[in-house]
1. So how many residues does segment 604-630 have that are hydroxyl-bearing (Ser, Thr, Tyr) and either outside any helix (DSSP H, G or I) or modelled with pLDDT of 85 or more (or both)?
2. Which ones in segment 99-110 are surrounded by 22 or more Cβ atoms within 10 Å (Cβ to Cβ) and among the hydrophobic types (A, V, I, L, M, F, W, C)?
3. Filter segment 94-117 for residues that are touching a Leu at 6+ places or on another chain (Cβ under 8 Å) and closer than 12 Å to Met134 by Cβ and give the result.
4. Exactly one of these conditions fails for Met161: (1) open to solvent by 10 Å² or more (accessible area, probe 1.4 Å); (2) modelled with pLDDT of 85 or more. Give me its number.
5. Restricting to segment 174-211, count the residues that are in a helix (DSSP H, G or I), modelled with pLDDT of 85 or more and open to solvent by 100 Å² or more (accessible area, probe 1.4 Å).
6. Residues in segment 654-674 that are among the polar types (S, T, N, Q), closer than 11 Å to Ala704 by Cβ and surrounded by fewer than 24 Cβ atoms within 10 Å (Cβ to Cβ): how many?
7. Against the condition open to solvent by less than 40 Å² (accessible area, probe 1.4 Å) and in a strand (DSSP E or B), how does Ala216 come out, does it pass?
8. From (1) under 23 Å from the mean Cα position of the chain (by Cα); (2) free of Cβ contacts under 8 Å to residues at least 12 places away in the same chain, pick out the condition that doesn't hold for Leu687.
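The values are calculated or read from the model by the stated rules, or taken from the named source; none is laboratory data. Note that the structure is a prediction, hence the values are computed from the model and not measured. Using ideal geometry, Cβ is built from the backbone for each residue, glycine included, and neighbour counts are taken over all protein chains shown. For accessibility, only protein heavy atoms count, side chains too; no ligands or nucleic acids. Shrake-Rupley method; radii C 1.70, N 1.55, O 1.52, S 1.80 Å.
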Amino acid sequence: MNCRKCKGCEISSNVLFDRFASKRIALIGNPNCGKTTLFNLLTKSHQYVGNWPGVTVDRVEGHVEDYNYAIVDLPGLYALSPYSAEELVSRNYLLSDEYDVILNIVDASHLERSLSLTLELASFNKPMVIALNMMDVIAKQGISIDVKALENALGVPVVTMSASKKKGEKELLKTIAKARVPEIDRYYDKNVIDIIDSVAEKITDEKSLFSRRFIATSLLQSDEVYLEEHESNQTIMDSVKKGIKDLEEYTKTDCQAYFAQARYDAIDSIVDSCKKKLESGHSDITKAIDSVVLNRILALPVFFIVVGFVYFGAMYFTSYLELIPHLSDGETESLTITDYVNDVVFGEYVSAIVENMLTAVSSPDWLVSLMVDGVVGGVGAVLGFLPQIACLFIFLSFLEQSGYMTRVAFILDRIFRSFGLSGKNFIPLVIATGCGVPALMANATIDNINEKRIGLITTTFIPCSAKLPIMTMIFASVMNNAWWFAPFVYAMSIFSIVCTGIILKKSNAFNESVSPFVMEIPDYHMPSVFSVLKEVYSRCKAFVIKAGTVIFLVVVLVWLLSNTGVENKNIGFIENIDNSFLAMIGGLIAFLFAPIGFGSWQSAVAMVNGFLAKENVVSTMAVVLGLSENTLEEDQSLSQALVSFFARINGCDESSALLPIIGLSFLSFCLWSTPCVAALGAMKRQLGSNRWFLFAIFYMTAWAYGISLVIYQLFGYMFGVVQFNTFTVVAIAVLVLFIVLLIRPSKHKGVSLSIPSKRID
């Protein structure tokens, strides 16, 4: 991570903070408890973001200057169980002993749920302070909490506050110096603690007694991570087996059930001693809204209306609503935000500035063309999506922070679990109808790593706005404007997503157990403008940096290949694209597309350019078919040229029944193969692994090729327009393999693909 004081150097955040901080504080709490708001309030702008070692979970650290505290913001979680990367990161850090104080933020409006994590944290025997947040919320709910009684019950200082209203942070900072160590003995029976210690003393590779106690307690509850870690140590495993037997004989119950019940008994006792409910525990507004949005009949229709408003609002505002006046050819015209960014900012201003600068220093023509036509044109086309992305993120951040999106995930979870995904996967699919890049980035909210990977692989199966021109081209040409065409395409997209989820979930590569879906249903609240804008800025910045850098390299490469080649026995810049290196490359790989109906260098080049941006497929076909760019709007010219082209390369008549089959094959490969490089950049960042990134590319390409092969070979044979050949046999084998993978039983014993959701109010 680059530090602010030493720009450009690589320095560990631990070294940075250890050098200046008097105390290191581990900030931890449940999701939606106000943890991020409190972190921002305490650290102001003194924040450093990176990744935890080995995972893509954000590592966020901050510095409190007045008190010289370093704060490590641990991922929000409900328990320290090993279900997600966030939970593993948090408990590994707590076991590391690299901090001085635990700052546990507790949601006062969900006290019972929050205290479950608090009791787990107590077992680490570290000084702890409780930040009792949302005090303004419980006041509106008619609930009061006796803070002194809560302090006595927990044995640690408790500070009341409202982070969103900036109340209580000064008292909290003063109280951190008074942090106390909680006593674990008050939560478990002495005989149970003796059994835990009998296992802990066999664990010799941990730093402290309480680290060993936590691991021993986890082993007694059959924690999969620690069982796998210590399975080779027979001494430890024998002590665990004996401990489980002794504990179950003593408590007359299952080990896991005992520890859970002991925590809940302690929580009930604590809550009874300090919490008084004067009125109903839910706000009347929340109950009234939930009676509609969580209604069994109305929930899905309401969701579709809300998502439709979000999508239409973002698209209308940026792509249809003409807001910005612009002087063109002596006349004033109104432009949309998207058109203004594309046509004016990059098309006129940036390109003119770059061209003038290069011309002023007498740059060669090829460099001017590279920078203006290639870099500015290519990167500018991607950044032209930024207004749409920002608007979508504003709407989505508002819905997420208001509490509505958690309800959507809860509603859809049971449906999506039936084919290996969760309710959280639905939101990226909706966003993907606009652009695949923000849709892929939206998968970051998915906790389960396997569901996230499947989501990243399937998200771009939904046709985005960049793929619509390809659909229109095929629709208006070889499909002869068939009414069923668009519904068929979207049905195939949904089919691809469902089948992929089922197939991959049964694969050995996805051998992690499916985690239970526990979803908190918080009260509705109005998000702050600062929080929404901060989230939007963070996401847009990631889009510009990650996607922009990837597409920059591809733009340069494509420009060079399409403008250079062998012409008149000379190697250099060429006039005819047929003589370009790009055409040569297309010719080399054209044979790959012959089995699926379009084995020509023109088609191959279109597919290559489609990796830059999917809409390039249309413009590339127009160029290689001998049409000028100004004929792109003349649908009949391009449509007729495409019909003639497909007929020519397949040796058939222009009225042949083979042409619609070729069109479907061509479209299938374009839609469901590897997405554009901007989307690939976002996908690589979210996957965080080169191995999984390469697998995703392979799977999507294989899936698209397989569909195209079956459509061309089998459908063509069924309609009598393709002769039976070797590739027909391959297509049959592909279809059989697909059916086998789809219906085979899962190899994961004890893992259900349909785990019910749990709602926590």
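1. As a first pass, look at segment 604-630 and keep what is hydroxyl-bearing (Ser, Thr, Tyr): 619-620, 628.
Filter once more, keeping what is either outside any helix (DSSP H, G or I) or modelled with pLDDT of 85 or more (or both): 628.
Total meeting the criteria: 1.
2. First pass over segment 99-110, keeping only residues surrounded by 22 or more Cβ atoms within 10 Å (Cβ to Cβ): 102-110.
Within segment 99-110, Ile102, Leu103, Ile105, Val106, Ala108 qualify.
3. Scanning segment 94-117 gives Ile105, Val106, Ala108.
4. Looking at each condition in turn, Met161 falls short on (1).
5. 2
6. Residues flagged as among the polar types (S, T, N, Q), closer than 11 Å to Ala704 by Cβ and surrounded by fewer than 24 Cβ atoms within 10 Å (Cβ to Cβ) within segment 654-674 amount to 2.
7. Working: open to solvent by less than 40 Å² (accessible area, probe 1.4 Å): yes; in a strand (DSSP E or B): no.
No.
8. That leaves (2) as the condition not met.
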